[in-house]
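Structure first, commentary second.
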Amino acid sequence: MASAGEANVSVSHVEKKEKKQTPARYWKEPRGEKDGNDHEEDGGKTLHQEEPRPQTTKKRKQDESPAVGKKFISGKSDPFPGQAPIPEDRVQKFKRKDKTKKHRRQHYKLKAMITCSEEVSEMAQKQAAKFDLLLPEDAGFLEGEEEEDTCLISQEDIADAVDITAGAKYFNLKLSQFGPYRLDYSRTGRHLLLGGRRGHVACVDWLSKQLMCEINVMETVNDVKWLHSEAMYAVAQKKWLYIYDSNGIELHCIRKFNDVLRMQYLPYHFLLATASAKSFLQYLDVSVGKEVAAICTKTGRLDVMCQNPHNAIIHLGHPNGTVTLWSPNQKEALVKMLCHQGAVRSVTVDKSGIYMVTSGMDKKLKVYDIRALKPLKSYFLPAGASCLSLSHRGLLSAATGDIVQVYKDVWSTAATKPYMAHRTRGAVWGLHFCPFEDVLGVGHGDGFTSMLVPGAGEPNFDGLDANPYRSAKQRQEWEVKALLEKIQPELITLDPNELGQVDRATFEQRHKDRVEALGYDPLAQKRFIPKYKKKGRSSAGSIERRKKQVAHEDQRDIIRQTVEDKVKMEKQRNEREKKKAVLNSSRAALDRFKK
């Protein structure tokens, strides 16, 4: 027979699993540390008493997030509460635009979109200022000792003073058989393209000194230019334009582009601009292989050409001393400037698209502000400059015969002497600064020379735009993305900021013309909405009748006045015609003698 204590407890043949408890945290007091007397005093109640449920995750997370000045579990407080401060000058460095003025009559959705855009722009500005700490490289310049002129320091001394990697960037290629040479660096700055006047074309990975391909086209080469990547390049030969790949295989022969002398490639538009000896400026879309525009400039032989990297405008120099600016959207020049008293020999534009430097047969070198189209500085060179080139950091290289001179700060201060100078083995035929490197490439009659110019290159590159260390897979992905983001040639303008603005003047003029034509302002008042009436008086037919009654109530006076004016003018015209008829019908006394 079971005892009384055992009868109260119901025993089942299936054991019930205990509910899984959350693991105890080290900062919470363990539940088993209480005295055993408490359990004994509870007696049988402990069997049926429910344990307190653990706190929810959401509440625990809220409790764990410390406020400003709140102590952590360790007992210490945060010495740097809140977000890290950002210097104001660094934030202003990445400022994109000023805040848009919001008008009272703007739509609420438009206001919300403008506010959201400004918040995103401000967040991007702060993030760029924070990430600027991750760009440790700084551009340094060559500094001499006391009373030492930097232009007297030779390239051999610079190569001996720097490290082995930088010293290997100074070298000479003796190619006297097929010179003089034109050159071009790829956008990443890693690959070099050489084109000899007598048909020699070579592609080189100049950092590793590895030859990619070398061919001889067996005719005159006027210019060479890399296309969107180092896999393709264009060669302007004696008759036509040819496209080759990095292995030297001929891909295309474009006979529409004949007698090409100079070329420029627009990377964000996938356009190859060519200037010919027959005064034609032509644009080739490399992505589809079609001619976009062909413009006859009517200015003679075009052998001076450069592009503005900021807005993709082509600058052409002419024998009459003028420089013209061209876009594929117009058949006439956008701007025509008289820059020199003689023929223009070379033109170049800086990276920001603000300054233009020209040299002419009058032995002058001039710096222009393109925004105001006015000269800023003018320098006299004893023998003139045949080739010009600007680096990413604003250094200007000018070639005079076989001497290459590099100037610093030519538009901010008056340059009295060159920053660096070097004499080559032959007459200079082409100059080009290497992107992201302190290197100046010089093509001359005896081959090619790579000069060391400290402070010329931009030390920090954008890995998503032009990455010198990208792999073949990254290059392919970048090429697909660039094709998807290709800018159409119709968007090439002098001021690219106009594309994101509303032409208020044109809208106001159209609205004014519309008001004059209609006789009233259609945007002045809201549309009449009839009041709802009961007992069937708000049917569709009655509402339309009420709308017609007041449809033109505010315009009736204007219409009536206009009709009255027209009737009055018609009446006056009829009266004038009657008077004229009366005068013509009345005969004078001497009219009888007329035949």
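At pLDDT below 90 and open to solvent by less than 50 Å² (accessible area, probe 1.4 Å): does that describe residue 129?
Here the answer is yes, as residue 129 does meet what is asked.
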| query | Looking at residue 164, is it out of contact with any Ser or Thr (no Cβ under 9 Å at 6 or more places or on another chain) and either over 22 Å from residue 402 (Cβ atoms) or among the charged types (D, E, K, R) (or both)? | reply | yes
| request: Go over the candidates 256, 278 one by one and state the one that is open to solvent by 10 Å² or more (accessible area, probe 1.4 Å), part of a loop (DSSP other than H, G, I, E, B) and in the same structural domain as residue 338 (by TED's automatic domain parsing). | output: 278
| message | I'm trying to understand the selection: among the residues of the range 260-275, which are open to solvent by less than 50 Å² (accessible area, probe 1.4 Å) and either at pLDDT below 95 or within 24 Å of the chain's Cα centre (by Cα) (or both)? | response | 263, 264, 265, 266, 267, 269, 270, 271, 272, 273, 274
| query | Does residue 408 fit the bill of being of a type in the set (Lys, Arg), closer than 22 Å to residue 281 by Cα and open to solvent by 10 Å² or more (accessible area, probe 1.4 Å)? | reply | no
| Being farther than 20 Å from residue 431 by Cβ, among the polar types (S, T, N, Q), open to solvent by 40 Å² or more (accessible area, probe 1.4 Å) and not in a strand (DSSP E or B), is that true of even one residue in the range 304-311? | no
| Condition check for residue 202: closer than 20 Å to residue 235 by Cβ and among the small types (Gly, Ala, Ser) | yes
| query | Can you name the number of the only condition in (1) more than 23 Å from residue 264 (Cα to Cα); (2) out of contact with any Gly (no Cβ under 8 Å at 6 or more places or on another chain); (3) open to solvent by 30 Å² or more (accessible area, probe 1.4 Å) that residue 425 fails? | reply | (2)
| task | Run down 167, 179, 195 and say which single residue is buried (at least 19 other Cβ atoms within 10 Å of the Cβ) and more than 24 Å from residue 390 (Cβ to Cβ). | result | 179
| query | What number of residues in the range 210-227 are open to solvent by 20 Å² or more (accessible area, probe 1.4 Å), part of a loop (DSSP other than H, G, I, E, B) and touching a residue at least 40 places away in the same chain (Cβ under 8 Å)? | reply | 0
| Is it the case that the range 386-399 has a residue that's touching a residue at least 12 places away in the same chain (Cβ under 8 Å) and on the phi > 0 side of the Ramachandran plot? | yes
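Are any of the residues in the range 510-533 under 30 Å from residue 328 (Cβ atoms) and either at pLDDT 80 or above or open to solvent by 100 Å² or more (accessible area, probe 1.4 Å) (or both)?
yes
Looking at the range 486-502, can you tell me whether even one residue there is in contact (Cβ under 8 Å) with a residue 40 or more places away in the chain, open to solvent by 70 Å² or more (accessible area, probe 1.4 Å) and charged (D, E, K, R)?
Yes, the range 486-502 contains at least one residue that is in contact (Cβ under 8 Å) with a residue 40 or more places away in the chain, open to solvent by 70 Å² or more (accessible area, probe 1.4 Å) and charged (D, E, K, R).
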| message | Can you tell me which condition residue 140 does not meet? The list is (1) at pLDDT 85 or above; (2) open to solvent by 30 Å² or more (accessible area, probe 1.4 Å); (3) not in a helix (DSSP H, G or I), and all the others hold. | response | (1)
| Residue among 417, 481 that alone is in a loop (DSSP other than H, G, I, E, B), open to solvent by 80 Å² or more (accessible area, probe 1.4 Å) and out of contact with any His (no Cβ under 7 Å at 6 or more places or on another chain) | 417
| query | Here are some residues: 412, 359, 378, 391. Which one is under 30 Å from residue 207 (Cβ atoms) and hydroxyl-bearing (Ser, Thr, Tyr)? | reply | 391
| request: Evaluate the following for residue 184: is it open to solvent by 60 Å² or more (accessible area, probe 1.4 Å) and in the same structural domain as residue 306 (by TED's automatic domain parsing)? | output: no
| Positions within the range 83-115 being open to solvent by less than 100 Å² (accessible area, probe 1.4 Å) and within 19 Å of residue 125 (Cβ to Cβ), in sequence order | 84, 86, 87, 90, 91, 92, 94, 95, 100, 114, 115
| Going through the range 439-478 one residue at a time, which ones are assigned to a strand (DSSP E or B), in contact with a Phe, Trp or Tyr (Cβ under 6 Å, 6 or more places away or on another chain) and within 18 Å of residue 351 (Cα to Cα)? | 440
| query | Among the candidates 565, 513, 557, which residue alone is closer than 27 Å to residue 106 by Cβ and without any contact (Cβ under 8 Å) to a residue 24 or more places away in the chain? | reply | 513
| field | So residue 284, is it within 30 Å of residue 239 (Cβ to Cβ), open to solvent by less than 20 Å² (accessible area, probe 1.4 Å) and of a type outside the set (Ser, Thr, Tyr) | value | yes
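Just to check your reading of the model, which residue among 459, 489 is of a type outside the set (Val, Ile, Thr) and in contact with a strand residue (DSSP E or B) (Cβ under 7 Å, 6 or more places away or on another chain)?
489
Determine whether the range 319-332 contains at least one residue that is charged (D, E, K, R), in a loop (DSSP other than H, G, I, E, B) and either surrounded by fewer than 16 Cβ atoms within 10 Å (Cβ to Cβ) or modelled with pLDDT under 95 (or both).
Checked against the condition, which is being charged (D, E, K, R), in a loop (DSSP other than H, G, I, E, B) and either surrounded by fewer than 16 Cβ atoms within 10 Å (Cβ to Cβ) or modelled with pLDDT under 95 (or both), the range 319-332 yields at least one hit.
Can you find even one residue in the range 352-374 that is without any contact (Cβ under 8 Å) to a residue 12 or more places away in the chain, open to solvent by 30 Å² or more (accessible area, probe 1.4 Å) and of a type outside the set (Gly, Ala, Ser)?
yes
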| task | Give the number of residues within the range 275-316 that are among the polar types (S, T, N, Q) and free of Cβ contacts under 8 Å to residues at least 40 places away in the same chain. | result | 5
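The values are calculated or read from the model by the stated rules, or taken from the named source; none is laboratory data. Please read all numbers here as calculations on a predicted model, not as lab measurements. Quick reminder, even Gly has a Cβ in these numbers, built from the backbone with ideal geometry, and neighbours come from all protein chains shown. The accessibility values were calculated without ligands, DNA or RNA, using every heavy atom of the protein model including side chains. Shrake-Rupley method; radii C 1.70, N 1.55, O 1.52, S 1.80 Å.
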